[in-house]
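Engineer: Submitted below is the structure of interest, expressed as structure tokens.
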Amino acid sequence: MEPPWIIDPAGRVAIFHGVNMMNKQAPYLPSIGDADIERVAGWGMNVVRFGIFWAALEPEPGAFNEAYLDEVERFLDRFHAAGLFVLLDMHQDVYGEKYQGDGAPVWAAIDDGIPFRPKPFWGFNYFTRAVIRAFDNFWANVPGPDGVGLQEHFARNWRRVAERFRDHPALLGYDLFNEPYFGSHGFVTGKFERRYLQPFYERVIREIREVDDRNVVFYEPKITKDFGTRSQIGPMPFEKLGCAFH
């Protein structure tokens, strides 16, 4: 990587275009065959954004699901055989399955007992009191059932993923958190990104960089950047970073 570019081994600027592939429900692995993968490559694509899920990686506090990582590795092998790079995306929508979404395991969805009352459209569930409280508790790094902060758990998951896949030839990098939602911390102001999101990213990146200083780490602005609001994430003290805006 030579900022602001990603450079290939021949010294050329690499341009990536591709597709998302993920299954947002158990077993959290897409039901695609080799013909599907070859079709994507045949369309001229060169990268897959492949969803992985906290609920699959750490179904119980502190217990990594190595069998799930084995399955993810087999997908990376298949993508590599087709000439595709892979961006590993720690995906979430509406925090987790407890709220008819995906991402966090149920044990990490701490809503202080607020009842969840689902809305007719899944995206509106972001605005329920239970989901807002779950995100607020995550951004506050409240302890999980084992007394370890939720963000520590999340960062340790990324560390394990990086340990496992840092040398895989298909790996393009890591997308840390899909569409970060601000909870109660402001729809358009920069307070959420400055006070909560950037420190969280720096915590996770430090964990990754302890085991992988080579691959690119991608971070996303808060979810409202999807609709044109300005991001106020500032410089971070790391190299090989990319902004994965939506």
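A short reminder: the numbers here are calculations on the coordinates, not readings from a lab. In this text, all values refer to a predicted model and were calculated from it rather than measured experimentally. Reconstructed Cβ throughout: ideal geometry from the backbone, glycine too, with neighbour counts over all protein chains shown.
Engineer: Between (i) 53, 37, 35; (ii) 48, 39, 36; (iii) 98, 41, 28, which entry matches Cα extents along the principal axes in Å as derived from the coordinates of this structure?
Structural biologist: The listed entry that was calculated here is (i).
Engineer: Restrict the search to segment 124-210; then list the GluC sites (Glu not before Pro) that DSSP places in a loop and that have at most 12 other Cβ atoms within 10 Å of their Cβ.
Structural biologist: Values: sites: E152, E163, E193, E202, E207, E210; in loops: E210.
The qualifying sites are E210.
Engineer: Relative contact order of segment 110-154: what whole-number percent is it, with Cα pairs under 8 angstrom and at least 6 residues apart?
Structural biologist: With pairs under 8 Å counted, the relative contact order is 33 percent.
Engineer: Also: Under the definition of Cα pairs under 8 Å and six or more residues apart, what whole-number percent is the relative contact order of segment 95-220?
Structural biologist: Details: 148 pairs, mean separation 29.8, N = 126.
Relative contact order here is 24 percent.
Engineer: Which one, F200, Q25, M1, is farthest towards the positive end of the dipole of the chain when Lys and Arg carry +1 and Asp and Glu -1 on their Cβ?
Structural biologist: F200
Engineer: Out of M236, I223, H185, whose Cα points farthest toward the positive end of the dipole of the chain (charges: +1 Lys, Arg; -1 Asp, Glu; placed on Cβ)?
Structural biologist: Of the listed residues, the answer is H185.
Engineer: What residue among Q92, V142, I132 has its Cα farthest toward the positive end of the dipole of the chain, where the charges are +1 on Lys, Arg and -1 on Asp, Glu, each on the Cβ?
Structural biologist: I132
Engineer: Report the trypsin sites (Lys or Arg not before Pro) located in segment 1-96 that are in a DSSP loop and have at most 15 other Cβ atoms inside 10 Å of their Cβ, or state none. Working shown, then result.
Structural biologist: Working: sites: R12, K24, R39, R49, R74, R78; in loops: R12, K24.
Here the trypsin sites (Lys or Arg not before Pro) that fit, given the DSSP loop and packing criteria, are R12.
Engineer: Hey, another quick one. List the relative contact order of the chain as a percent without decimals, with contacts defined as Cα pairs under 8 Å and 6+ residues apart. Intermediate values should be presented prior to the final figure.
Structural biologist: Working: 414 pairs, mean separation 38.9, N = 246.
With pairs under 8 Å counted, the relative contact order is 16 percent.
Engineer: Given H placed on each backbone N at 1.01 Å, which residues far from A14 in sequence or on other chains put an amide H within less than 5 Å of it?
Structural biologist: I6, I7, D8
Engineer: Here is a further query. Any idea what the dipole of the chain comes to, in debye rounded to 20, about its Cα centre with Lys/Arg Cβ at +1 and Asp/Glu Cβ at -1?
Structural biologist: On the way: 27 positive and 34 negative charges, 182 e Å.
For this selection, approximately 880 debye.
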